[in-house]
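Peer 1: Quick one: the structure is below, and I'll ask about it shortly.
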């Protein structure tokens, strides 16, 4: 039997019409994704295709947010344009969290730093090294990415870190980098670069409050573990 395309379904089953009539919260994740891609393939509707993608991702949007364009294009019916639409929508959702109204953050514990910064570095498949610049009251002055790397290392220029600290008159720093592998323990290279930054910062009377390793689900604090 020939498969019906979405516009041939009853109005109650069409994602766009369902959103208009019942509101956005009435739609399943697959229906919302189907609106993004617009159409499926000759073998399955957009909703069926999106259900299959979600099923492969354990019905977890966080897993889908880690996919790149080539990963999505492996599905018959998903071309580059549709893959980009899905990725862009999920990225907008992530950025929305960053734009929520907030007062100037007081980052005086590892948990506060993790809760504040998690959305910036979540879902990355490569390493990034960031520095949070704080005043003497541990209030955030600015944040800056220092380096991007592969999946297991990131180049870090200590001169860049300290030059910017002087520019914004920071009294202390929090170092942050992620481990895409999910490993929480610091490597020997992590320990070495931390020691070098601490030593250099002390010469300028700038304190390194912590170095925190992020994964998508947890963190490791040098300060909490007695390594600072």
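The values are calculated or read from the model by the stated rules, or taken from the named source; none is laboratory data. All values derive from a computational prediction rather than experimental measurement. Note that each Cβ is placed from the backbone with ideal geometry, even for glycine, and that neighbours are counted across all protein chains shown.
Each row is one residue, and each column tells you yes or no for (1) within 27 Å of residue 179 (Cα to Cα); (2) touching a strand residue (DSSP E or B) at 6+ places or on another chain (Cβ under 9 Å).
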| residue | (1), (2) |
| --- | --- |
| 36 | no, no |
| 55 | yes, no |
| 113 | yes, yes |
| 120 | yes, yes |
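Peer 1: Out of region 44-75, which residues are part of a loop (DSSP other than H, G, I, E, B) and either closer than 20 Å to residue 19 by Cα or outside the structural domain of residue 17 (by TED's automatic domain parsing) (or both)?
Peer 2: The one that is part of a loop (DSSP other than H, G, I, E, B) and either closer than 20 Å to residue 19 by Cα or outside the structural domain of residue 17 (by TED's automatic domain parsing) (or both): 45.
Peer 1: Additional query: Could you say which residue among 58, 22 is more than 19 Å from residue 92 (Cα to Cα), exposed (fewer than 13 other Cβ atoms within 10 Å of the Cβ) and at pLDDT 85 or above?
Peer 2: 58
Residues are listed down the side, and each one gets a yes or a no for (1) within 20 Å of residue 28 (Cα to Cα); (2) touching a residue at least 24 places away in the same chain (Cβ under 8 Å); (3) surrounded by fewer than 14 Cβ atoms within 10 Å (Cβ to Cβ):
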{"site": "65", "(1), (2), (3)": "yes, yes, no"}
{"site": "74", "(1), (2), (3)": "no, no, yes"}
{"site": "83", "(1), (2), (3)": "yes, no, no"}
{"site": "87", "(1), (2), (3)": "yes, no, no"}
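Peer 1: Follow-up. For region 164-206, give me the residue count where each residue is surrounded by fewer than 16 Cβ atoms within 10 Å (Cβ to Cβ) and not in a helix (DSSP H, G or I).
Peer 2: 10
Peer 1: Hey, could you check region 136-161 for residues that are more than 26 Å from the chain's Cα centre (by Cα) and at pLDDT 90 or above and say which is surrounded by the fewest Cβ atoms within 10 Å (Cβ to Cβ)?
Peer 2: Per the criteria, the residue is 159.
Peer 1: What's the number of the only condition in (1) touching a helix residue (DSSP H, G or I) at 6+ places or on another chain (Cβ under 6 Å); (2) in a helix (DSSP H, G or I) that residue 40 fails to meet?
Peer 2: (2)
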